Number of protein chains: 2
Amino acid sequence: MKIAFTQLVQDLPATVPFIGPETLERAAGSTFKARIGANESAFGISSLAAEAMKSAIDGNGCNWYGDPENFQLREMLAAKHGVAMEEICVDGGIDSLLGLTVRALIEPGQAVVNSLGAYPTFAYHVNGFGGTLHSVPFVNNHEDPASLLAAATQHSAKLLYLSNPDNPMGTSHPAETIQQMIDNLPPGCILLLDEAYTEFAKAGLTPAIDTANRQVIRYRTFSKAYGMAGMRIGYVIANEELICGLNKVRNHFAVNRIAQVGATAALQDAKFLPEIAQKVAAGRQRIYQLADSLGLSYLESSTNFVAVDLGHGDTTRGLLTKLNDNGVFIRMPGVAPLDRFIRVGVGTEQEHRIFSERFTELLSQTTAEPA
Amino acid sequence: MKIAFTQLVQDLPATVPFIGPETLERAAGSTFKARIGANESAFGISSLAAEAMKSAIDGNGCNWYGDPENFQLREMLAAKHGVAMEEICVDGGIDSLLGLTVRALIEPGQAVVNSLGAYPTFAYHVNGFGGTLHSVPFVNNHEDPASLLAAATQHSAKLLYLSNPDNPMGTSHPAETIQQMIDNLPPGCILLLDEAYTEFAKAGLTPAIDTANRQVIRYRTFSKAYGMAGMRIGYVIANEELICGLNKVRNHFAVNRIAQVGATAALQDAKFLPEIAQKVAAGRQRIYQLADSLGLSYLESSTNFVAVDLGHGDTTRGLLTKLNDNGVFIRMPGVAPLDRFIRVGVGTEQEHRIFSERFTELLSQTTAEPA
């Protein structure tokens, strides 16, 4: 019997948005000494969150389903962001929320716009639900609002994806630029504003949240600054009507109960985020200094990683493979011209030292090779 | 601006498969004293799993993403079930896997068959992806293979859903009956065999796993006997081609890293499952005895709950509301004629005592009312 998958699934290639570090470790038969490739936090979680989660494991945190309404968490997030609870949808991370958004809004063949080289998992979901993706180039290593808006207009796009700060480049736009973009969205086009890295950025990058506007969905996560990538919990803020649409099709019991406990505890730890932001800022400085010392240019980053310029994609790919083979898990932008950069995650001091030594050594070997 | 959801989502009613106990608690302003309504395990998790998860929280279990291949877990599950790793897909619980299956196989309008009153979350996913559900009645409080097969043939169904043991009735069929059903599936129809409760059942309910057969997908979970409902982790066993289809559209980083750690540890705890099965069997006996003492009949259960016959749906609904109002979280089958039963979950001894007292008292009030 031939299995009758939907036409869409039959036609999809078997792809994965990212290869996990564990896959590379298994292939190499050794463990990475520095894990700085997935923009994970090197600085762990709030001790309040850790204690709360461990207590929950000793209680009924594992054997009871989580609250399908994510009530307590949404209540706290609503207060934090000055919106109504009904304007928040919590789910198992931004990845899941992007998939849910595409599913709720995109019919096969409808147009979606993003930047060429932007977050691959979004493209994976657009393809997975049969949307037609139109990608415009980065301009000067920034996602380009003007090109994105023009493409959205040209293709009558229903969705426009932008991350600010940007992944994979770490660059960002000021709030005014994003607000201007919002104000100029073509009718019927919804902006998916991915703000996964917003807690690392300087003030002034985040336009005011306006849930009266039905054309904007803001994506936030506990995976980055809060250090809870492995716990799978994130949320969107949007107009209630948009949230209702997502609620119609979301998997109501999808969020891990321990993650709910951890996230609510983390929000109560007022000291945690400022400390993390400081550690990440110091980590970026270390990477800047390393690049300076090696005569490499880099992009000022608003995230927990720094894009360092190696001049050419082939150079980056070669060096990346060698780094991976030498105990450093690291990634790079997937497409030209962004692929001239290597994306260096802020690690612990030890991870930075290991990366620094191996990068310096491998780079000297690379440049020493005859042209 | 009117938000242009897909036609499917626009036409969907805003439903939830289940109202969570926390919602009822918030409405009542008090906490349930006995939580026996969601078939959660009252007996917690393996101590090995608890220790491993707490260690992982102190390590990098939270801040690192989980392995998107779920490699170690699939390796252990493959050994446990005597199949290849490539014949297993791990995801965030059976709910998520049912959604993924429907998404991969059902085009809008295509036929799906289940039993009237079977697991509502499956129906939720079928509706959510636009499938057309044809439901056949339970026969003698059992899902009825003959009617299901006849309906699948009549409607040229692509999917047929059956849970064995059954939720919400707790009844089951012997392996031979299920095997006969598998052997008689109409061409092109895939059986979704939900075995969430299989660990509680007597031997002989589980037909041999045959992954050469492309018409069967087996659903298993860590939510029930393993006590990890809150952790969101389950898996399917099926022909590799089916698994490949699911892999094309699944959310690769969806599984919580701590859940991966807990599940792999739980599988190494050889003593745990037999102990749980014994506790659950003892808990069923307590419920049987209570029913006997009250002159109520019940269904022999192969699960961690017992359907107790109250004679009429209105009686059950009335009593259920009173129980919920009196500190006992309990549920019942949603549709007639199954709704003459109340579904009593196996609780801790304390939960059983609380349920027993209140049930006895409320029942006497109910029957004392004039007809």
* Top-ranked residue of region A:52-64 - restricted to ones that are more than 7 Å from chain B (Cβ to nearest Cβ) and buried (at least 17 other Cβ atoms within 10 Å of the Cβ), ranked as nearest to A:L320 (Cα to Cα) -> A:A52
* Enumerated strands (runs of 3 or more DSSP E) restricted to region B:176-244, each holding at least 1 residues that are closer than 23 Å to B:A49 by Cα -> B:216-221, B:234-238
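Within region B:302-323, work out how many residues are in contact with a Leu (Cβ under 8 Å, 6 or more places away or on another chain) and among the hydroxyl-bearing types (S, T, Y). Reasoning before the result, please.
Start the filter on region B:302-323 by keeping residues that are in contact with a Leu (Cβ under 8 Å, 6 or more places away or on another chain), which leaves B:302, B:306-310, B:316, B:319, B:322-323.
Filter once more, keeping what is among the hydroxyl-bearing types (S, T, Y): B:302, B:316.
Residues meeting the conditions: 2.
Using the structure shown, decide if A:E75 is more than 7 Å from every other protein chain (Cβ to nearest Cβ), closer than 28 Å to A:A270 by Cα and surrounded by 22 or more Cβ atoms within 10 Å (Cβ to Cβ). Spell out how you get there, then give the answer.
Working: more than 7 Å from every other protein chain (Cβ to nearest Cβ): yes; closer than 28 Å to A:A270 by Cα: yes; surrounded by 22 or more Cβ atoms within 10 Å (Cβ to Cβ): no.
So A:E75 does not fit the description; no.
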* Which one is surrounded by the most Cβ atoms within 10 Å (Cβ to Cβ), of the residues in region B:97-134 that are over 14 Å from the mean Cα position of the chain (by Cα), within 11 Å of another protein chain (Cβ to nearest Cβ) and under 20 Å from B:L185 (Cβ atoms)? -> B:T101
* Residues (more than 25 Å from the chain's Cα centre (by Cα) and outside any helix (DSSP H, G or I)) located in region B:20-32 -> B:G29, B:S30
* So which residues in region A:61-75 are touching a residue at least 40 places away in the same chain (Cβ under 8 Å) and over 28 Å from the mean Cα position of the chain (by Cα)? -> A:W64
* Scan region B:260-312 residue by residue and report those that are buried (at least 20 other Cβ atoms within 10 Å of the Cβ), farther than 17 Å from B:G37 by Cα and among the charged types (D, E, K, R). => none
* Can you tell me which residue in region B:230-269 is farthest from B:G188 (Cα to Cα), limited to those that are hydrophobic (A, V, I, L, M, F, W, C), touching a strand residue (DSSP E or B) at 6+ places or on another chain (Cβ under 8 Å) and within 7 Å of chain A (Cβ to nearest Cβ)? -> B:A254
* State yes or no: is A:Q365 modelled with pLDDT of 95 or more and surrounded by fewer than 16 Cβ atoms within 10 Å (Cβ to Cβ)? => no
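Take the conditions surrounded by fewer than 19 Cβ atoms within 10 Å (Cβ to Cβ) and either in a helix (DSSP H, G or I) or under 20 Å from the mean Cα position of the chain (by Cα) (or both) and apply them to B:V9. Does it pass? Step through it out loud before you land on a result.
Numbers: surrounded by fewer than 19 Cβ atoms within 10 Å (Cβ to Cβ): no; either in a helix (DSSP H, G or I) or under 20 Å from the mean Cα position of the chain (by Cα) (or both): yes.
Considered against the rule, which asks whether it is surrounded by fewer than 19 Cβ atoms within 10 Å (Cβ to Cβ) and either in a helix (DSSP H, G or I) or under 20 Å from the mean Cα position of the chain (by Cα) (or both), B:V9 comes out as no.
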* Could you tell me which numbered condition A:R214 fails, if it satisfies all but one of (1) among the charged types (D, E, K, R); (2) farther than 15 Å from A:E143 by Cβ; (3) touching a Ser or Thr at 6+ places or on another chain (Cβ under 9 Å)? => (3)
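Can you go through A:A196, A:A225 and tell me which one is closer than 26 Å to A:R340 by Cα, in contact (Cβ under 8 Å) with a residue 60 or more places away in the chain and among the small types (G, A, S)?
A:A196
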* Out of (1) among the aliphatic types (A, V, I, L, M); (2) at the interface with chain A (Cβ under 8 Å from one of its Cβ atoms); (3) touching a residue at least 40 places away in the same chain (Cβ under 8 Å), the odd one out for B:L24 is which? -> (2)
* Structure fact -> Selection over region A:27-51 where residues are more than 7 Å from chain B (Cβ to nearest Cβ), closer than 27 Å to B:L246 by Cα and surrounded by 15 or more Cβ atoms within 10 Å (Cβ to Cβ) yields a count of 2
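Would you please name the residue that is nearest to B:A266 (Cα to Cα), looking only at residues in region B:203-229 that are within 14 Å of chain A (Cβ to nearest Cβ) and charged (D, E, K, R)? Spell out the reasoning first.
Let us first name the residues in region B:203-229 that are within 14 Å of chain A (Cβ to nearest Cβ), namely B:210-217, B:221-229.
Now drop any that are not charged (D, E, K, R), which leaves B:210, B:214, B:224.
Numbers: B:D210: 25, B:R214: 29, B:K224: 13 Å.
Once the filter is applied, the top-ranked residue is B:K224.
The values are calculated or read from the model by the stated rules, or taken from the named source; none is laboratory data. In this text the structure is predicted, and so the values were computed from the model without any measurement. A quick note on method: Cβ atoms are made from the backbone with ideal geometry, for glycine too, and the neighbour counts reach across all protein chains shown.
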